[in-house]
Amino acid sequence: MTHPTFSNLRIDSDRLLGRLMSLGQDGALEGGGVCRLALSDKDKLGRDRVVDWMKELGLRVTIDKIGNLMGFLPGREDLSPVVLGSHIDTVATGGLYDGNLGVLAGLEVISVLKDSGYVPLRPIVVAAFTNEEGARFAPDMLGSAVDRGSLDLETALAIKDSDGFVIAEELARIGYAGEAEPGHIDPYCFFELHVEQGPVLEEEGEQIGAVTGVQGISWTEYVIEGISNHAGTTPMRLRHDAGFAAASVAVAARKVAEEIGDGQVVTVGVNELNPNLVNVIARSARLTVDMRNIDEQKLQQAEKRLAEEIAAICKAEGVRYTSRTLARFEPVMFDQNMVDLIADVAMEQGRSVRCMSSGAGHDAQMFAPVCPTAMVFVPSQGGISHNIEEYTSPEDIKAGANVLLQAALTKAEE
Ligand code: HGY
Ligand code: MN
Ligand code: MN
Ligand code: MN
């Protein structure tokens with residue numbers, strides 16, 4: 001029996017936008033935006049909502065031991081599945097789209113199949129991975145890394161947030177300490193639809209990004225220990241000021257980025273002083289440095305240079321420091337055939353498309369080493385993300401979800 005073609009199937013953008021807005025209620029911030037930190041009560045609300053939608057769609061829902069959610073739609077044959085994944089945890093000042101779009105567009109693909117009665121050859125899995133952001137628990141992409149075996153489950157379960165809460169206990173507390181073994185699916189291929197989170201597509205007037213890879217990520221936490229003292233009585237020559245050392249690290253990090261050039265980015269996102277009082281020279285500082293580059297050699301060079309700078313700063317100020325690696329992922333390249341498929345589908349649908357690498361980390365980078373993987377980007381208005389003003393237009397969301405639909409169904413017939 002020849003199977004009806006799927007090429008005329010299209011998403012229902014009102015339904016997809018409706019789900020995005022509904023999910024955005026879980027952790028909604030006054031004045032817009034979302035705070036749905038991994039394994040928080042708000043994350044539980046979002047998870048419960050997504051699980052309900054998966055069940056309404058008749059998917060077989062599994063929760064694994066690190067809390068990854070997977071909805072399974074059988075295919076005509078019992079083959080390895082096409083996986084459509086992303087995340088629903090957000091940073092504390094998050095938007096409606098980062099991660100959420102990828103998971104809900106996956107559910108929209110399932111809804112289209114249910115409406116049309118079309119059953120693809122291969123099963124399709126929609127996945128929402130635990131703690132992609134890394135904003136509460138480091139490293140980021142934690143759930144997908146455990147799923148793909150690049151992070152040990154027991155190690156991940158023991159990770160604590162800055163308040164001392166442990167992942168294993170938080171999973172149990174919100175009722176998402178699943179029983180399935182991480183890695184219980186053997187993916188045929190992996191797609192992730194995601195907002196670009198940068199300015200490129202909008203600046204160049206392109207509608208779709210066919211993502212070729214993800215840059216390397218290096219997260220380090222530094223704790224600098226000085227001597228607290230009176231701000232008024234302590235001569236400058238006698239100070240061992242952890243606050244000054246931390247500020248100097250931020251300046252040095254920017255200098256290293258400029259030295260390396262070529263797309264090197266460096267961010268000091270956390271800089272906590274203790275006791276953090278107006279008239280006390282800081283006793284200690286806890287800061288994080290996020291460094292990224294698509295070129296692994298240059299990223300290593302940036303790490304080396306920053307280490308040199310920090311050693312010199314702390315020696316000169318007479319303060320001690322310790323460092324801890326929070327995350328370290330090498331750059332990944334996606335499967336060229338999958339990238340080409342995304343570009344071809346976009347052009348067939350009359351969309352302008354450009355190939356580009358991703359500045360942000362994504363769950364897809366955990367799948368790239370183990371199966372054909374690629375991402376679809378849609379523009380971020382003003383290039384803004386990790387910000388409550390994050391916005392992508394309904395037209396761009398519809399365009400991206402239709403590209404995901406057709407690319408996924410093409411692979412599901414292989
Ligand atoms: O940091 C990142 O790029 C990702 O959003 N976790
Ligand atoms: Mn994301
Ligand atoms: Mn993010
Ligand atoms: Mn990300």
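The values are calculated or read from the model by the stated rules, or taken from the named source; none is laboratory data. Remember, it's a predicted structure, so these values are computed and weren't measured experimentally. Virtual Cβ from ideal backbone geometry, glycine too; neighbours counted across all protein chains shown. Protein only, heavy atoms only, side chains kept; ligands, DNA and RNA dropped before computing areas. Shrake-Rupley method; radii C 1.70, N 1.55, O 1.52, S 1.80 Å.
Tabulated values for the structure
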| read-out | value |
| --- | --- |
| Those residues of region 70-105 which are more than 10 Å from ligand 2 (Cβ to nearest atom), hydroxyl-bearing (Ser, Thr, Tyr) and over 22 Å from residue 370 (Cα atoms), in sequence order | 93 |
| Single unsatisfied condition, residue 272 versus (1) within 16 Å of ligand 1 (Cβ to nearest atom); (2) open to solvent by 80 Å² or more (accessible area, probe 1.4 Å) | (1) |
| Tabulated pairs, region 166-183, first in the same structural domain as residue 67 (by TED's automatic domain parsing), second acidic (Asp, Glu) and part of a loop (DSSP other than H, G, I, E, B), C-beta under 6 angstrom, 6+ apart or interchain | none |
| Extreme residue, least open to solvent (accessible area, probe 1.4 Å), among residues of region 283-319 that are part of a helix (DSSP H, G or I) and small (Gly, Ala, Ser) | 302 |
| Among residues of region 256-286, those that are within 21 Å of the chain's Cα centre (by Cα) and hydrophobic (A, V, I, L, M, F, W, C), counted | 4 |
| Condition met for residue 119 (open to solvent by 30 Å² or more (accessible area, probe 1.4 Å), touching a helix residue (DSSP H, G or I) at 6+ places or on another chain (Cβ under 6 Å) and modelled with pLDDT of 95 or more) | no |
| Some residue of region 85-103 being surrounded by 23 or more Cβ atoms within 10 Å (Cβ to Cβ), closer than 17 Å to residue 16 by Cα and away from ligand 1 (no atom under 16 Å from the Cβ) | no |
| Close pairs (7 angstrom Cβ cut-off, 6 or more residues apart or separate chains): more than 12 Å from ligand 3 (Cβ to nearest atom) in region 186-200, among the basic types (Lys, Arg) and part of a loop (DSSP other than H, G, I, E, B) anywhere | 188/122 |
| Residues within region 334-357 that are surrounded by fewer than 16 Cβ atoms within 10 Å (Cβ to Cβ) and under 19 Å from residue 218 (Cβ atoms), tallied | 0 |
| Residues (within 14 Å of ligand 2 (Cβ to nearest atom), open to solvent by 10 Å² or more (accessible area, probe 1.4 Å), in contact with a Leu (Cβ under 9 Å, 6 or more places away or on another chain) and assigned to a loop (DSSP other than H, G, I, E, B)) located in region 360-389 | none |
| Residue list for region 246-259, filter: more than 22 Å from residue 276 (Cα to Cα) and either basic (Lys, Arg) or open to solvent by 20 Å² or more (accessible area, probe 1.4 Å) (or both) | 254, 255, 258, 259 |
| Verdict on residue 134 being within 16 Å of ligand 3 (Cβ to nearest atom), of a type in the set (Gly, Ala, Ser) and farther than 30 Å from residue 324 by Cα | no |
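Per-residue answers, yes or no, for (1) modelled with pLDDT under 95; (2) in contact with a Lys or Arg (Cβ under 9 Å, 6 or more places away or on another chain):
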position: 1; (1), (2): yes, no
position: 20; (1), (2): no, no
position: 47; (1), (2): no, no
position: 80; (1), (2): no, yes
